[in-house]
1. Taking the condition free of Cβ contacts under 8 Å to residues at least 12 places away in the same chain and among the aliphatic types (A, V, I, L, M), does V361 pass?
2. So which residues in the stretch 79-97 are among the polar types (S, T, N, Q) and part of a loop (DSSP other than H, G, I, E, B)?
3. Within the stretch 493-549, can you find the residues that are among the aliphatic types (A, V, I, L, M) and either under 30 Å from A439 (Cα atoms) or touching a strand residue (DSSP E or B) at 6+ places or on another chain (Cβ under 7 Å) (or both)?
4. Which of (1) over 12 Å from the mean Cα position of the chain (by Cα); (2) in contact (Cβ under 8 Å) with a residue 40 or more places away in the chain; (3) within 24 Å of K227 (Cα to Cα) does Q275 not meet, given it meets every other one?
5. Could you name every one of the strands (runs of 3 or more DSSP E) located completely within the stretch 336-403 that has at least 2 residues being out of contact with any Lys or Arg (no Cβ under 9 Å at 6 or more places or on another chain)?
6. Can you tell me which of A517, A494, A542 is among the aliphatic types (A, V, I, L, M), more than 30 Å from K580 (Cα to Cα) and exposed (fewer than 15 other Cβ atoms within 10 Å of the Cβ)?
7. Would it be correct to say that S230 is in contact with a strand residue (DSSP E or B) (Cβ under 8 Å, 6 or more places away or on another chain), under 22 Å from F24 (Cα atoms) and either touching a residue at least 24 places away in the same chain (Cβ under 8 Å) or away from the ligand (no atom under 15 Å from the Cβ) (or both)?
8. K350 - would you say it is touching a Phe, Trp or Tyr at 6+ places or on another chain (Cβ under 7 Å) and farther than 26 Å from P219 by Cα?
Amino acid sequence: MKRCLLALLICFVFFQAKAQLTPFELSKDKNYTATYPEIISWYQKLGKQYGQVKIFNYGITDIGKPLTLIVLSKDKVFDPALIKKQNKRVLLINNGIHPGEPEGIDASMMLVRDLLKKNKLPKNVVLCFIAVYNIDGCLNRGVSRINQNGPRAYGFRGNYKNLDLNRDFIKADSKNALAFMQILNTWQPEVFLDNHTSDGADYQYVMTLIETQKDKQNPILAEYTSKTLSPELYKRMAKSGYEMTPYVEEKNATPDSGIVSFLETPRFATGYTAQHNIISYITEAHMLKPFDKRVYATYDFMQNLIDVCQRDEKLIGEVKSKADVQVKNQNTFALNWELDEGKYDTITFKGYTAAYKPSEVSGLSRLYYDRSKPYTKTIKYFDNYKATITADKPMAYVIPQAWQKVIALFQLNKVVMHQLAHDTTLELQMYYIGDYKTATRPYGGHYLHSNTKLNPIEMKVKFYAGDYVVYTNQALNRYIVETLEPQGVDSFFAWNFFDSVLGQKEYFSAYVFEDAAAELLKKDPDLRKKLDDEKAKNPQLASSAAAQLNFVYRNSPYFEKTYLRYPVGRLLTQTKLDLK
Ligand SMILES: [Zn+2]
C-alpha cells in the first residue's frame, strides 16, 4: 500500500515537472518554437500554480486577440500605481515582434517558470513579459526566413495588415501598437528589452546587442548605460558562455571594414521607448547559430539584465528621475541624426575570414565566410551620430481638435493636455510647409515625407473651444517635440498625418479673375512691384499669362491661408489662456 502511494506521488511529481516544461524543452531536437495556442495555454497553466504571477490582457490586436502580458511580482503587488509608490523598478520585455525571430518567446517561458519555481524573483524589480507581440504573424506559421538556422517552423514578420510592427510605433497603424502603448504607459518601465534575431554577416558570436544609440539617448541615461549597465552586461554574458558583440551592421561589405552602431529612430520600439526616457536594449541572436543556443543565450541575457537591474535598482530610479527633469527643462531637441564618419572607436571582433569564389548560380564572384578560418581582430566601430536638424521647443503647442489621431495618441501616451474653454484668437507662430520630398513607393503603408523645409510666420489664428494646448514642461517633451515638429525623421507630418493641408481647396477661373487681378494690381502698388520683380528674375513667369495670374491670386487676400499651413500652432510667449 505504502509502495503504491509512493509510486503515485512520484508519478504526480513527474507529471507536474513535465507539465512545466515548455514546448521547446519537450521537443527532442530543441529546434522547435511554441505556437500561439501553446504559449497562451502554457502560461495560463503556470499562472494557476503560482501566486507571484498574474496574466493581463491588453486591448485587441489586428487579428482580434488581446495582447497578453505576464507580470511577475515577488510580493504579489500587481497594481502599477502601488508599485510606483513602493519605488520599485519595472522591466518590460517584448517578444515576437518579428515572430520569425522567436528566441525570446521560448526563453521567456523558461525564465518565467524558473524564477517562480526557484523562488528567485528580484525583490525590487517587477518583471513584465509580452508573451508574443505580433500574434497575427505568429499564427501565420511557415519557413519565411530562408537564411535562418531553425527552428523548424515559425511565424511571419508581417502582421494581419502585413505591417512590420517594428516600424509602427509613431504612426500606430496597428491595434497591436495601441495595446503596446497602453502597456508601456500603464506600467511605466524604467528598462525595456526587445528580443530579435539578426541577419547579415557570419561571425563567431551567438548573441549581439543593440543599445539605444548613445548620441540619441538622453545624456544622463547614456552616461549610465554606456559606462555601467552595458559593460556589465557584456562582462556577465562572457562569463555565462555567450560573449557578445555590438550588433553587426557592416560599414562596407564585411565586418572587417568596421561596423556601424544602429540608429533606431522613433518608429522602432526602442526608438519610441527612448522618447519616454526608458533605458532600452535589443538582443539580436545570430541567425546562423543553432536555435537552442540562441534561445539559451537570450535566456542568459534576460537573467543578467534582471540581476543588474536588481543590483542597480536605486541608481536606475535616480537616473530615470534626473533624465525626466532634464527633459522637462530641455529647450533644443534633435529631430534627425547622421553617422559621423570621421569618428570611430575600435573593438575586438571575433569573425570568420571573408573570401570570394565563383557562384554556382551565376558563375560570378560571390562572398562567403570561411568558418575554418576564425580570427580575432581589432576593427573600427562607428558609433557616433550627429544631429542634422534641431528645433527649439515653443512654450506650448496648440492642436486643433480636428486632428483626432494625434490627440488620441497623446492621450494614450499620457501627455498632459488642456483644452481651450472658449473660441479664442491667439497670436502665435505657424509653419508654412515650404518644400518637402515624398517617397515614390510606400513604406509601412505610407508615402513618407522627408527634407521638409519650413517658413515660420507669426500670425493670429482662431482656435475653438475644446482645442488642445500642450505645454512643453513635460518628461515626455521628446515624444511631444519629435512627433509635432514636421522636420522630425519620424514626425507625424513625415508619416502623412497632416497631408490634407498639402492640397489647395479653392482655385480661380482665369477669364473671370483677369479683371479682378488687374484691379488688384492697380490698387496695390506693392503687389505690382512684387510681380514685376519676380518676372525679372523668372523668365518662365514672364512668358506665362497663367503663371502671372496665379502669382497675383496667391498674393491676394482671396488666397486660402490654410494652404500648406501646418495646423499645429507654436505659442512662443507666456500667454494667459482660459482653459477648461
Ligand atoms: Zn527583428
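1. Yes; evaluated as a whole, the condition is true for this residue.
2. The answer is Q86, N87, N95.
3. Result: A494, V501, L502, L541, A546, A547.
4. (1)
5. Because the criterion is at least 2 residues that are out of contact with any Lys or Arg (no Cβ under 9 Å at 6 or more places or on another chain), the strands (runs of 3 or more DSSP E) in the stretch 336-403 that meet it are 365-382, 385-392.
6. A542
7. Here the answer is no, as S230 does not meet what is asked.
8. yes
The values are calculated or read from the model by the stated rules, or taken from the named source; none is laboratory data. Everything numeric here is computed off the predicted structure, so don't read it as measured data. With ideal geometry, Cβ positions are generated from the backbone for all residues, glycine too; neighbour counts draw on all protein chains shown.
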